[in-house]
Amino acid sequence: MAFTIYKSLKMHSMKFIIAIILTALLSFTIGLFTILPWYSFMVGVAAVAWGIHQKPSKAFLSGFIALFSLWLLLAFLKDNGNNHILATKVAYILPLQGSYVLLLLITALIGGLLGGFAALTGSFLRKEKRKSSYY
């Protein structure tokens, strides 16, 4: 009994981790190799959530974590190339007192929310087929 519970928990956590990795890789690939608009990654996020069946809350969380970390990493790498000059100036324009770290976190939060809601949409698009009973 305990082995089946452990095996079930291991399978669910593995699906969660695979969904995070696939979502991040597919989103990065769509952004890098296509000429589509910036928001086209959401189709890929929804496709991953539709393909890997999870509860809607886990689908949202996997999309959120994948895109939050991806956007944070990409924004940091772009920002680090110019010693945070542009991000600091934008942070002074916004009410952030020049904190480029806070600007990067807000950027990642926006990406995470977009990814989470796209994954939630993909999870809701997957309907379970039920047998209809007739009298």
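The values are calculated or read from the model by the stated rules, or taken from the named source; none is laboratory data. Because the structure is a prediction, the values reported are computed rather than measured. Cβ: placed from backbone, ideal geometry, glycine included. Neighbour counts: every protein chain shown.
In this structure, does LEU36 turn out to be out of contact with any His (no Cβ under 9 Å at 6 or more places or on another chain) and free of Cβ contacts under 8 Å to residues at least 24 places away in the same chain? First the steps, then the outcome.
On the way: out of contact with any His (no Cβ under 9 Å at 6 or more places or on another chain): yes; free of Cβ contacts under 8 Å to residues at least 24 places away in the same chain: yes.
The answer is yes for LEU36.
Pairs linking a residue in the range 12-32 that is free of Cβ contacts under 8 Å to residues at least 24 places away in the same chain to a residue that is surrounded by fewer than 17 Cβ atoms within 10 Å (Cβ to Cβ) and part of a helix (DSSP H, G or I), with Cβ atoms under 6 Å and 6 or more positions apart or on different chains, are ILE30/SER40. Look at (1) modelled with pLDDT of 95 or more; (2) loosely packed, with under 11 Cβ neighbours inside 10 Å; (3) of a type outside the set (Ser, Thr, Tyr) and you find that ASN82 fails only one, number (1). Which numbered condition in (1) closer than 22 Å to PHE28 by Cβ; (2) hydrophobic (A, V, I, L, M, F, W, C); (3) surrounded by 14 or more Cβ atoms within 10 Å (Cβ to Cβ) is the only one that ILE110 fails? Condition not satisfied by ILE110: (3).
Contact annotation: residue pairs with Cβ atoms under 7 Å, 6 or more positions apart or on different chains, pairing a residue in the range 70-98 that is closer than 22 Å to GLY112 by Cβ with a partner that is surrounded by 14 or more Cβ atoms within 10 Å (Cβ to Cβ) and among the acidic types (Asp, Glu), are ALA87/ASP79. Is it true that ALA66 is surrounded by 17 or more Cβ atoms within 10 Å (Cβ to Cβ) and without any contact (Cβ under 8 Å) to a residue 60 or more places away in the chain? Answer is yes for this residue. Would you confirm whether any residue within the range 14-30 is more than 14 Å from the chain's Cα centre (by Cα), on the phi < 0 side of the Ramachandran plot, polar (S, T, N, Q) and modelled with pLDDT under 95? No, because not a single residue in the range 14-30 is more than 14 Å from the chain's Cα centre (by Cα), on the phi < 0 side of the Ramachandran plot, polar (S, T, N, Q) and modelled with pLDDT under 95.
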